[in-house]
Amino acid sequence: MLLTITTTHQPATDLGFLLHKNPARCQSFSLSFGNAHVFYPEASDDRATAAVLLEVDPVGMVRGKGRFGQGVLAQYVNDRPYVASSFMSVAIAQVFGPALDGRSKERPELATTPIPLVATIEVLPCRGGEEFLHEVFEPLGYDVTAVRHSLDEMFADWGPSPYYSVTLSKTTTLSELLTHLYVLIPVFDNFKHYYVGHDELEKLLKRGEGWLGTHPRRDAIVRRYLKYRPTLARQAIERLIEQDDQPADEFFTDARAESREESLEKSLSLNDERLQAVTAALAATGAKRVLDLGCGEGRLLRELLKEKQFNEIVGMDVSIRSLEIATRRLRLDDLPPRQRERIRLIHGSLMYRDKRLAGFDAAAVVEVVEHLDPPRLAAFERVVFECARPATVVLTTPNREYNATWPNLAAGALRHDDHRFEWTREEFRSWAGSVAERFGYSVEFHPIGSEHAELGSPTQLGVFRMREMDRG
Ligand code: SAH
């Protein structure tokens, strides 16, 4: 496992002062999982490269099972010795501690000065694909090149591996580069060799300060970093949001705050497509007064605000926290009065009849039903289709069949920990058909996202229209 850092800042040998590692020597450090060796393949005034070579001891790891847990590490033959992973982060922190913190005894000013830097990670496992790699590093200002390795050069038909050689270039401080590597390398590997606990959250918040809160893939990064601990991830995201109150625009390019679902759906594009499709379906009805039921943090509301046709927009959610975030992200308090009058957020539950929901032309219910317990769907149906009773209901939900296209998702698993179910196309059609029938609506279905020939599209959309004769 090899990481190199190159600079052309002159004199380039100052890299040695920044890293507190003498370019003339090779040094070795003993870490809990093996050894780290630091050396300089090149060190001239024009150009210097520092290399960190990690020697991970897979046999030692198996012997120390208690410490390193089960799964891949319980095997002698695993990829750990060869790929950049959380071991590399540990090495960065232990071997380059002062540099990571931006401290240099000999060159304190240079430590806080942006210099041209290139990091090469020899083998980075990119779970989530190359696209995710670009989505993570490019917003941070890096030029990214990635070369994918085949599984075995001798056997071309085995196909490509998830492993890439990655080069990242940016003019920045060494401390920033090391910080990004420290946080992000394990995010790609999506696997940690140690138990992820509360101090991991604190580490993430400390190292993520100033950049993670506004990162467009913040939620995916946090959830992967704090793997298997969705509660920690939620806390981290909330605290990051509090840390930096960035403008709404940046927030809304975020992927949705969902765990597996998010990385699976490559949600930037799918989420955008979903919002566009729903907005278009609502607009096409000529609706002026619209509801967003289960509005969450307000992503659809933001799209609705852009459409002048909607002169009364109401978002409702059972989560006060989500409504607070939506208020802040939509900058409701800063809107000019005429805009402010168009939108309201209300706290309520779709389980209970609510007079405030009556009298609207259309309602959106985006990715909400799958969060409801099946026995409570009947209550939801009556609240929306009998009590609120808008002329149009635009509803989206995942298509479970499509999950089979995601190799990282275990067979039968759902996209999100809080999903109570996910419907096949047939199940959705049958539920929606029965609702339409019982409440006097017609329903038609549309795919959202790229369609698979057999499995359909990732998201399914149903548009319910009240039958003319039933309109009162
Ligand atoms: N529509 C949003 C959020 C989807 S996540 C979007 O597409 O981004 C599901 C949302 O449904 C969450 O915000 C959750 O708080 C809300 N929700 C769950 N149960 C609810 C209920 N009984 N009443 C109202 N909202 C509910």
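The values are calculated or read from the model by the stated rules, or taken from the named source; none is laboratory data. Values in this document were obtained by computation on a predicted structure and should not be read as measured data. Glycine also receives a Cβ, built like all others from the backbone with ideal geometry; neighbour counts cover every protein chain displayed.
Of note:
Here is a yes/no grid of residues against (1) hydroxyl-bearing (Ser, Thr, Tyr); (2) loosely packed, with under 14 Cβ neighbours inside 10 Å; (3) farther than 23 Å from Arg389 by Cα:
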site	(1), (2), (3)
Leu305	no, no, no
Phe310	no, no, no
Asp317	no, no, no
Ile320	no, yes, yes
Ile325	no, no, yes
Leu345	no, no, no
Lys355	no, yes, no
Val366	no, no, no
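- A Cβ distance below 6 Å, combined with a sequence gap of six or more or placement on separate chains, defines the contacts here; from the range 299-324, residues that are farther than 21 Å from Lys355 by Cβ and not assigned by TED's automatic domain parsing to the domain that holds Tyr352 reach no residue that is more than 15 Å from the ligand (Cβ to nearest atom) and among the basic types (Lys, Arg).
- Arg415 being of a type outside the set (Val, Ile, Thr), within 15 Å of the ligand (Cβ to nearest atom), assigned to a loop (DSSP other than H, G, I, E, B) and in the same structural domain as Phe310 (by TED's automatic domain parsing): yes
- For the range 347-371, a residue qualifies if it is within 10 Å of the ligand (Cβ to nearest atom) and among the aliphatic types (A, V, I, L, M), and the qualifying residues are Leu350, Met351, Ala364, Val365, Val366, Val368, Val369.
Residue by residue, here is whether (1) assigned to a strand (DSSP E or B); (2) at pLDDT 90 or above holds:
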| position | (1), (2) |
| --- | --- |
| Ile121 | yes, yes |
| Glu138 | no, yes |
| Leu168 | yes, yes |
| Thr171 | yes, yes |
| Pro186 | no, no |
| Leu212 | no, yes |
| Tyr228 | no, no |
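- Evaluation of Ser430 against (1) farther than 24 Å from Gln276 by Cβ; (2) within 16 Å of the ligand (Cβ to nearest atom); (3) of a type in the set (Gly, Ala, Ser) (one fails), failing number: (2)
- The numbered conditions (1) surrounded by 15 or more Cβ atoms within 10 Å (Cβ to Cβ); (2) part of a helix (DSSP H, G or I) are all true for Leu291 except (2).
- You will find that of Ser450, Ser457, the residue that is farther than 20 Å from Glu381 by Cα, in the same structural domain as Arg376 (by TED's automatic domain parsing), at pLDDT below 95 and touching a Gly at 6+ places or on another chain (Cβ under 7 Å) is Ser457 and no other.
- Test: Thr405 is more than 13 Å from the ligand (Cβ to nearest atom), at pLDDT below 90 and in contact with a strand residue (DSSP E or B) (Cβ under 9 Å, 6 or more places away or on another chain): yes
- Picking from residues in the range 374-391 that are within 32 Å of the chain's Cα centre (by Cα) and more than 11 Å from the ligand (Cβ to nearest atom), the one that is surrounded by the fewest Cβ atoms within 10 Å (Cβ to Cβ) is Pro375.
- Of residues in the range 285-339 being within 16 Å of the ligand (Cβ to nearest atom) and of a type in the set (Asp, Glu), the one farthest from Asn271 (Cα to Cα): Glu324
- Annotation note: Cβ proximity below 7 Å between a residue of the range 365-380 that is among the small types (Gly, Ala, Ser) and a residue that is within 9 Å of the ligand (Cβ to nearest atom) (sequence gap 6+ or interchain) occurs for Ala379/Met351.
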